[in-house]
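To start, the structure under review is shown below, and the notes come after it.
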Amino acid sequence: MEDFKESKMWKANGFSALLVVLAAMAVAVYWFVLTIPQVSVYGPNGEFWAVIVLFCLACVAMGGFFIVQPNEAKIFTFFGRYVGSVREAGFGWTNPLTKKQTLSLRVRNFATDTLKVNDFLGNPIEIGAIVVWRVVDTSKALFSVQNYADFVTVQSETALRVLASHFPYDSDDHSVESLRGSQDEVSKALRVQLQERLAPAGVEIDDARLSHLAYSPEIAQAMLRRQQAGAVIAARRLIVDGAVGMVKMALEDLEAQGVVKLDNERRAAMVNNLLVALVSESEAQPVINTGTLYS
């Protein structure tokens, strides 16, 4: 397969070329008017045919004019061979025998369909992405692939499927990257995947981010309960850690200030009572002991 690479096409200023072509046509018409009497008497001669050739060349030269709009490019082929591209906006003139094709250089957004794939752990999920891209090599975009826009669509969905298989949907371990918890890392990985796949089409990826992420409906309820259970466990762990710290601080302050001296048995009882009061979901009901400490 031929490896295309964009090159710059030669062009002349369109307004200057237009003046030259119009002047040539005017000369041809004026010369033709002068030669008509001679032709009517002596028949066509060399001067007559020169006028005809000059006029025909001027008409052919009119086909060399082109206009390039901002953020567009003109691609030129000469009898089936790529000869160059013009990116500069304006009015120009070049070889009139070349074929001209227009290609947009504007930034484009593409939203993939919502795909149903399996994540790294094999869980079925729904995923979608938005890809921001633009053409940077006009020759590759036009000649290396059949249709560069369709190529972007197909390769984007393929890259998204591959990405989903490399990350779990979610992870309780914060050191493990996941689709839901590591959005910047996932977006970077998606851009790398897309750039590798779209480079043959002369396309550059400006940005790529997930636009939709969810568990598939058949496992959504089960995964929701799993997430709720994980949240409850994490909350309980935090409450217990805080309660242990508060009990420790309370015992140390009581002994440091000489308020009370406790043996191991009574210390254990106090720790038990304080933990119940602090960790219990319902409000603890106090029981007042009116007896002596060492009964």
Inset, instruction - Test each condition in (1) part of a strand (DSSP E or B); (2) on the phi < 0 side of the Ramachandran plot; (3) modelled with pLDDT of 90 or more for residue 62 and report the one that comes out false. - result: (1)
Inset, instruction - Can you work out which of the residues in the range 99-123 that are without any contact (Cβ under 8 Å) to a residue 40 or more places away in the chain and in a loop (DSSP other than H, G, I, E, B) is surrounded by the most Cβ atoms within 10 Å (Cβ to Cβ)? - result: 105
Legend entry - Scope the range 67-90; condition more than 22 Å from the chain's Cα centre (by Cα) and surrounded by 15 or more Cβ atoms within 10 Å (Cβ to Cβ); matching residues: 68, 73, 74, 75, 76, 77, 82, 83, 84, 85, 86, 87
Inset, instruction - Can you confirm whether the range 55-67 contains a residue that is touching a Ser or Thr at 6+ places or on another chain (Cβ under 9 Å), closer than 30 Å to residue 33 by Cβ, of a type outside the set (Lys, Arg) and in contact (Cβ under 8 Å) with a residue 60 or more places away in the chain? - result: no
Legend entry - Selection status of residue 94, within 30 Å of residue 18 (Cα to Cα) and crowded, with 18+ Cβ neighbours inside 10 Å: yes
Inset, instruction - Could you check residue 211 against (1) under 14 Å from the mean Cα position of the chain (by Cα); (2) among the hydroxyl-bearing types (Ser, Thr, Tyr); (3) at pLDDT below 85 and say which number it fails? - result: (3)
Inset, instruction - Go through the range 137-162 residue by residue and tally those that are out of contact with any Leu (no Cβ under 8 Å at 6 or more places or on another chain) and closer than 17 Å to residue 192 by Cβ. - result: 2
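The values are calculated or read from the model by the stated rules, or taken from the named source; none is laboratory data. Worth saying up front: this structure is predicted, and the values here are computed from it rather than measured. Methodologically, a virtual Cβ is constructed for each residue, glycine included, from the backbone with ideal geometry; neighbour enumeration extends over all protein chains shown.
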